[in-house]
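So the structure is just underneath, and the comments pick up after that.
The values are calculated or read from the model by the stated rules, or taken from the named source; none is laboratory data. The model shown is predicted, which means the values in this text are computed figures rather than measured ones. Glycine gets a Cβ as well: all are built from the backbone with ideal geometry, and neighbour counts include every protein chain shown.
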Amino acid sequence: MAIITLTTDFGVRDHFVGAIKGFILSEIEGATIVDISHLVSPFNIVEASYILKNAYKTFPEGTIHIIGVDSELTPINKHVAVKIDGHYFIGADNGILSFLAKEINPEKMVEINIHDRIESVFPVLDVFVKVAGHISRGGTLEVIGKSIGELKMLKGLSPIINNEENQITGTVIYVDNYGNIITNISKQTFERYKRGRNFELWARNHKFTNIYFKYSDSINFDAENVTNKDGEKLAIFNSAGLIEIAIYRSNLDTVGGASTLLGLSYRDTITVNFKN
């Protein structure tokens, strides 16, 4: 039984997602369809990359992931089908797969070449679902595309280290549903350059000198007035292994989130300074 996931910026108000699911069920008998997200910010390929990277690995090998973000076919935006880490990804070669391909070498990569056989103004439905159907029936990627040697890589995914190796400059790559800010500074990079030194993490004019592993680690539960700690700022290494700036028990409708309370948004600069 084929498992098909969908990651798009189509939202849930219009007919697009329903139409895609209907066509999948028509093309692939007994398919299991899983929505990863349809609320990716429009054309935000970095956001789509982050969401997909942290979701795909929980699915069984052989799962087919359809990506409907910035998916229109253009001379600089080819359509590709790629096998990475035992999973199949179908989408545009616009950099979305950078997060995966830079860590795990793709097993197979092809540029999809079936467009001359399909009249399409909606490639996620007309082209990507056809390719998913072919793969689900045991078809090889070489039948629906020509092999390619590399994928387009997104710029700015990695933080910058200064020459003295005492500063990491990163950026905000994602703002989650709680208003938490996710940066592109990984725990691995942080530890590599920390080398036992003290540090200061700066986000605009907000300073952090501790990075926790859980939100609740920042709270002293033996102290009085623990219930008044909602809304306190903190930094953690999140489940994706990236530095995240958060608000304890944040709620965008009440106490607010890091994005609103600290004035942080997508692509803002985050700096870690190490002290000798």
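Numbers below:
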item	result
From the options Y193, Y178, residue that is in contact with a Gly (Cβ under 6 Å, 6 or more places away or on another chain), surrounded by fewer than 21 Cβ atoms within 10 Å (Cβ to Cβ) and of a type in the set (F, W, Y)	Y178
Matching option when the condition is part of a loop (DSSP other than H, G, I, E, B), assigned by TED's automatic domain parsing to the domain that holds P106 and crowded, with 16+ Cβ neighbours inside 10 Å, among F23, F10, F43	F10
Test: residue in the range 163-172 that is assigned to a loop (DSSP other than H, G, I, E, B), at pLDDT 90 or above and out of contact with any helix residue (DSSP H, G or I) (no Cβ under 9 Å at 6 or more places or on another chain)	yes
D93 vs. criteria surrounded by fewer than 23 Cβ atoms within 10 Å (Cβ to Cβ) and at positive phi	no
Any chance E111 is modelled with pLDDT of 95 or more and farther than 23 Å from Y266 by Cα	yes
Which listed residue, of N184, N177, is outside the structural domain of V46 (by TED's automatic domain parsing), in a strand (DSSP E or B) and not hydrophobic (A, V, I, L, M, F, W, C)	N184
Residue that is surrounded by the most Cβ atoms within 10 Å (Cβ to Cβ), among those in the range 100-154 that are closer than 24 Å to E27 by Cα and hydroxyl-bearing (S, T, Y)	S136
Test result for V17, assigned to a loop (DSSP other than H, G, I, E, B), more than 16 Å from S136 (Cα to Cα) and among the aliphatic types (A, V, I, L, M)	no
Residues of the range 32-54 satisfying the condition of being of a type in the set (V, I, T) and within 13 Å of the chain's Cα centre (by Cα)	I36, V40, I45, V46, I51
Output for the range 31-72, where each listed residue is touching a helix residue (DSSP H, G or I) at 6+ places or on another chain (Cβ under 6 Å) and more than 18 Å from I135 (Cβ to Cβ)	S37, H38, V40, S41, S49, K53, V69, D70
Filter result (out of contact with any strand residue (DSSP E or B) (no Cβ under 7 Å at 6 or more places or on another chain) and touching a residue at least 40 places away in the same chain (Cβ under 8 Å)) within the range 63-87	E72
